[in-house]
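The values are calculated or read from the model by the stated rules, or taken from the named source; none is laboratory data. These figures come from a predicted structure and were not determined experimentally. Methodologically, a virtual Cβ is constructed for each residue, glycine included, from the backbone with ideal geometry; neighbour enumeration extends over all protein chains shown.
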Amino acid sequence: MIVGSRGSTLALWQAHCVCDGLGLDHGAVRVIYTAGDKDTSSALHSFGTVGVFTKALDEALLNGEIDLAVHSLKDYPTQPPEDLAIVACLRRDDHRDVFIPGSQDD
């Protein structure tokens, strides 16, 4: 089974949690680069579409390149593509886990 994920630290952590839950080796994760990963300088609204961080994963799933895609739900469009469904969510971790930067530059 091939698990598709973005390459960010958070995305890979989530994908590894899914692998652990399914009894898969972390080597089952295939990194898929999304439009938002490839273009980090443009404002999100300038892409003119939804799914900037999810569409490439969805396409890889529909094309049979991966068997499942792990998304951060905050990035997923409110209307998933017709041929796909959200079938599972990871258990919520500690809600007190937050990042508070020391300044706007952090």
If I filter region 13-49 down to residues being at pLDDT below 85 and surrounded by 14 or more Cβ atoms within 10 Å (Cβ to Cβ), which single residue comes out as nearest to Val3 (Cα to Cα)? Thr34
How many of the residues making up region 81-101 are farther than 21 Å from Asp20 by Cβ and either aromatic (Phe, Trp, Tyr) or modelled with pLDDT of 80 or more (or both)? 6
Search result, residues across region 75-85 that are surrounded by 10 or more Cβ atoms within 10 Å (Cβ to Cβ) and in a loop (DSSP other than H, G, I, E, B): Tyr76, Pro77, Pro80, Pro81, Leu84
